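Below is one structure, written out as structure tokens, with a few remarks after it.
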Amino acid sequence: MPQNPAFMVRQSTSGSGFAGDAVANWDTVLLNRGGHFKTTAGTGQNQRFIAPVAGVYHFSCQILSNSGARLFFHFRVNGADIIGTFIETVQVTSQYQEATSTMTYSLAQSDYVEVYVNSYAAYGGYYANFNGFLVG
């Protein structure tokens with residue numbers, strides 16, 4: 001399948017690039033084969049990957065905490081939390097915490113995947129990305 005859906009996005013804002021208790025906002029597209037990651041607010045489907053076909057997909061997300069703050073995020077499918085993808089770091093004074101979560105998941109056509117940042121804001125910039133692709 002030469003046109004397998006695949007994407008990689010990042011956030012261009014550095015400190016507090018991600019708000020707490022909100023869907024992570026990704027504003028810089030590095031790869032969006034097929035255009036299935038939606039970044040524009042006008043679509044009503046922004047900040048998420050929408051599966052163009054049913055299949056097994058793999059996702060990864062890397063985020064950095066703000067200095068001295070906890071980091072807490074996870075994947076959601078169709079707005080529902082995916083248990084087993086929750087990442088939480090400890091709070092260390094004047095330190096940053098980097099964390100990565102991965103998920104391989106079966107999606108139906110039109111299911112959507114997003115990253116949810118819990119409780120604490122997080123760093124963006126060069127230290128955060130969200131990517132995924134169709135396995136088959």
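Worth a mention:
- Surface accessible to a 1.4 Å probe, Tyr123 within the full protein complex, Å²: 40 Å²
- In this structure the chain gives 47 Å² per residue of accessible area when probed at 1.4 Å with all protein chains present.
- Cα-based Rg / Dmax (Å) for segment 39-79: 13.9, 41
- At most 15 other Cβ within 10 Å, DSSP loop - GluC sites (Glu not before Pro), segment 72-131: none
- Normalised per residue, the volume of the convex hull around the Cα set of segment 68-136 (Å³): 98 Å³
- Over the chain, the reciprocal of the mean inverse Cα-Cα separation, the Kirkwood hydrodynamic radius, stands at 14.8 Å.
- Rg/Rh ratio calculated on Cα atoms of segment 1-68 (Kirkwood radius): 1.00
- With all protein chains in place and a 1.4 Å probe, the accessible surface of the chain carries 49 percent carbon and sulfur.
The values are calculated or read from the model by the stated rules, or taken from the named source; none is laboratory data. Quick caveat: nothing in here was measured; it's all calculated off a predicted structure. Neighbour counts run over all protein chains shown; Cβ positions are idealised from the backbone, glycine included. Side chains are part of the model used for accessible areas, which takes the heavy atoms of the whole protein and leaves out ligands, DNA and RNA. Shrake-Rupley method; radii C 1.70, N 1.55, O 1.52, S 1.80 Å.
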